[in-house]
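FYI, it's all coordinate maths here, none of it is from the lab. Note that this is a predicted model, so its numbers are computed, not measured. Here the Cβ positions follow ideal geometry from the backbone for every residue, glycine too, while neighbour counts run over all protein chains shown.
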Amino acid sequence: MSATAALQEEILTRTKLHTEMVRRLINDPTVQPVELAGFLEDVANAYLSISEELSQIVKAAEER
């Protein structure tokens, strides 16, 4: 599997997981907004990391 394909698979897996986690957090009346905000920040950071990896792959491919 190529690095790009692996990242695409990771994105799909994370999206499914994050969707379920958001659903649970929103439906849980005991969850405080600050907890949801923290989770969303973690999700954003995860996607930023994937974006950086993908950018590095593209740059490396362009240099060849």
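Report the residue count in the stretch 11-31 for those that are outside any helix (DSSP H, G or I) and surrounded by 10 or more Cβ atoms within 10 Å (Cβ to Cβ).
Total meeting the criteria: 2.
Quick one: what pairs do we get from the stretch 38-64, first residue touching a residue at least 40 places away in the same chain (Cβ under 8 Å), second of a type in the set (A, V, I, L, M) and part of a helix (DSSP H, G or I), C-beta under 7 Å, 6+ apart or different chains?
The qualifying pairs are ILE50/LEU7; ILE50/ILE11; GLU53/LEU7; LEU54/LEU7; ILE57/ALA3.
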